[in-house]
Amino acid sequence: MAIVASLPGFNLFSSLPSNPPPNDPNSSTTSASPSPPIPIPKYPPPLKKSQNAPPNPALKTVHRRTKYYKPVRDGVISSDGDRAVVIGENGVSYLLPGAPFEFQYSYSETPKVKPLAIREPAFLPFAPPTMPRPWTGKAPLKSAKEKKLKRKVPLLDSFGPMAPGTSGVKEVVMARHVELGKYPKQEKTREEILGEPLKKWEIKMLIQPQLSDNRQVNLGQDGLTHNMLDLIHSHWKRRPVCKVKCKGVPTVDMDNVCRHIEERTKGKIIHRVGGVVYLFRGRNYSCKDRPQYPLMLWKPAAPVYPKLIQEAPEGLTKDQADEFRKKGKRLLPICKLAKNGVYITLVRDVRHAFEGSPLVKIDCRGMHASDYKKLGAKLKELVPCVLLSFDDEHILMWRGPNWISMHQAAPSPSDTADFDILSSTGRGEDYDEPCKPDTKTVMTSPKMMSLWKRSIDSNKALLLDELDLDPDALLKKVEEFEGVSQATEHSYPALIVSSEDGTSSSVQVFEEVPQSDPYSEYDDYSDNYDYESDDDDAFYDSDSLPLGSLPVDVIVEELGHD
């Protein structure tokens, strides 16, 4: 290799020629490229659509995403004989002949505000009463009932008068099954179906097998829908109690959900825990006589309602509302709502929050936009309050100009109290000024005042006459009261013990402290229950026991004498 490399004009690492050799078809050295194993298909060019041909109106459908908008008013907006679409107090409802009430898609979650317009043409979401059969070239097949009637048709002479001009013609009629003494049954009322009220042991016996069972009806964000009525009756066919589990927006107002369930199904709610409801069908319920409701084949498009958020809500100007929205950006939310949760205490929490601040914010991150908007609409009616914004998936509310405190003796709110929050321009200015004690007197509920008064009378609480106490003086007051309270707690009234012969007696004198019953406020609840007498009560008398002693000591002493 060294000899070859030393030869002139010879390079072992020479590059390929820049100009490739010409393709000679006659040359046997050049090999043709192999053909693909599967030929490439050749598709015909697409047909050009004729722009002049008008579209077929039968193939044109209104989609939900189109900008269909038709203003509506109260009354019938579409009718097909006895079937009609009606706009009324309950929004969009559907009227069918022979129906016990007007059908709706959702009975519990329909807003009380009347709709402004509809997003689709007004039509009934039920199956048509008669569906014409398309012509297929032959007659339709007969059912088994028609074939049976066609086999043997008993014909009888007609007992009716002969028609004029039909002399010599014999008229025959088909035989009919006539039941003598039976007439159409009248529908039972709800009270007749329920029967006598259930007792406590019967309710417990009916609910016990349902506690750990997952056979239930799930009620979601749409509330009590129309098809749930048939579903509840199908559950009642097998069991006397139907378990309904509610989650999401309807749980804000569970009383409304329970009222609609009992009104539409004619059942009775016998137990309710959180968002779970147990619905009893009644003692005299019969599956054969149950109402047959037509099912909705699809969900109708929701109508257009007035906007919840206004630029200038009631009682505020546009500048004040914008300033409230800016302050709401820095406001901490009172709670964080989860998706498909149970919000039973939400209204109560918002009312309590309004006692301390005119603005309240709720964190709804992770929820769908339609869900927290429905929540805001419900809070606006139930609290009540004024909605300011849904920005950043938060509900911002103002308590409104006509807000009234939950406490009866609380001072009436002034117009300038809510707008004090607008006076501060930044958050740091509030902390620069020294903190001053607020000596404003606010009266609490009468129940709480009675508890405080009772604690003070029994020396379990101390009323401070001086408010401007330094920490050392306040600590001294607490230590003095602690010693007095301990002495009071471990003392009991005088106890007189007589001898067996009754001639002499020994008297033990102790400090007598006025006693009070801490459970007297629950006397009203104890009247509703029946307590059976127990034999163990004969061993001791609770009124004669000294404070600080246990009933077991008396029992041991009595057994020792025996």
* To do: For PRO97, indicate whether it is of a type outside the set (D, E, K, R) and free of Cβ contacts under 8 Å to residues at least 40 places away in the same chain.
  => yes
* Could you list, in sequence order, the residues of segment 232-253 that are of a type in the set (Val, Ile, Thr) and not in a helix (DSSP H, G or I)? -> VAL241, VAL244
* Would you pick out the residues in segment 332-377 that are open to solvent by 50 Å² or more (accessible area, probe 1.4 Å) and either in a helix (DSSP H, G or I) or among the aliphatic types (A, V, I, L, M) (or both)? -> LEU332, ILE334, ALA338, VAL342, ILE344, ARG348, ASP349, ARG351, HIS352, LYS373, LYS374
* Would it be correct to say that VAL273 is aliphatic (A, V, I, L, M), open to solvent by less than 50 Å² (accessible area, probe 1.4 Å) and modelled with pLDDT of 90 or more? -> no
* To do: Could you grab the pairs with beta carbons closer than 8 Å, sequence gap of 6+ or different chains, first residue in segment 299-323 and closer than 21 Å to ASP74 by Cα, second one exposed (fewer than 12 other Cβ atoms within 10 Å of the Cβ) and at pLDDT below 90?
  => ALA301/ARG64; VAL304/TYR69
* Report yes if GLY282 is among the small types (Gly, Ala, Ser), open to solvent by less than 20 Å² (accessible area, probe 1.4 Å) and under 24 Å from TYR94 (Cβ atoms), otherwise no. => no
* **Odd one out for GLY315, checked against (1) in a loop (DSSP other than H, G, I, E, B); (2) open to solvent by less than 70 Å² (accessible area, probe 1.4 Å); (3) within 30 Å of ARG272 (Cβ to Cβ)** => (3)
* Asked: Quick check: is even one residue across segment 53-60 modelled with pLDDT of 85 or more, assigned to a loop (DSSP other than H, G, I, E, B) and under 24 Å from MET296 (Cβ atoms)?
  -> no
* Do we find that ASP222 is in contact (Cβ under 8 Å) with a residue 24 or more places away in the chain, outside any helix (DSSP H, G or I) and closer than 30 Å to TYR68 by Cβ in this structure? -> yes
* Asked: How many residues are surrounded by 15 or more Cβ atoms within 10 Å (Cβ to Cβ) and part of a loop (DSSP other than H, G, I, E, B) when one looks only at segment 320-331?
  -> 1
* Of the numbered conditions (1) part of a loop (DSSP other than H, G, I, E, B); (2) open to solvent by less than 80 Å² (accessible area, probe 1.4 Å); (3) under 18 Å from ALA302 (Cα atoms), PHE101 satisfies every one except a single condition; which is it? -> (3)
* To do: List every residue pair whose Cβ atoms lie under 8 Å apart, where the two residues are 6 or more positions apart in sequence or sit on different chains, the first residue falls within segment 191-214 and is at negative phi and at pLDDT below 95, and the second residue, located anywhere, is part of a helix (DSSP H, G or I) and among the aliphatic types (A, V, I, L, M).
  => LEU198/LEU206
* Asked: Residue check: is LEU224 touching a His at 6+ places or on another chain (Cβ under 6 Å) and buried (at least 19 other Cβ atoms within 10 Å of the Cβ)?
  -> yes
* Filter segment 268-292 for residues that are assigned to a loop (DSSP other than H, G, I, E, B), touching a helix residue (DSSP H, G or I) at 6+ places or on another chain (Cβ under 6 Å) and under 17 Å from LEU219 (Cβ atoms) and give the result. => GLY275
* Asked: Condition test on LEU396, is it in contact with a helix residue (DSSP H, G or I) (Cβ under 8 Å, 6 or more places away or on another chain), open to solvent by 20 Å² or more (accessible area, probe 1.4 Å) and aliphatic (A, V, I, L, M)?
  -> no
* To do: Being assigned to a helix (DSSP H, G or I) and surrounded by 12 or more Cβ atoms within 10 Å (Cβ to Cβ) narrows it down to one of LEU198, LEU229, so name that one.
  => LEU229
* Structure fact -> Only unsatisfied item for LYS243, checking (1) loosely packed, with under 14 Cβ neighbours inside 10 Å; (2) touching a residue at least 24 places away in the same chain (Cβ under 8 Å); (3) under 29 Å from LEU375 (Cβ atoms); (4) among the charged types (D, E, K, R), is (1)
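The values are calculated or read from the model by the stated rules, or taken from the named source; none is laboratory data. All of these numbers come straight from a predicted model, not from anything done at the bench. Positions of Cβ are generated from backbone atoms using ideal geometry, with glycine treated the same way; all protein chains shown enter the neighbour counts. Ligands, DNA and RNA are stripped out before the accessible areas are found, and what is left, the full protein with its side chains, is counted by its heavy atoms. Shrake-Rupley method; radii C 1.70, N 1.55, O 1.52, S 1.80 Å.
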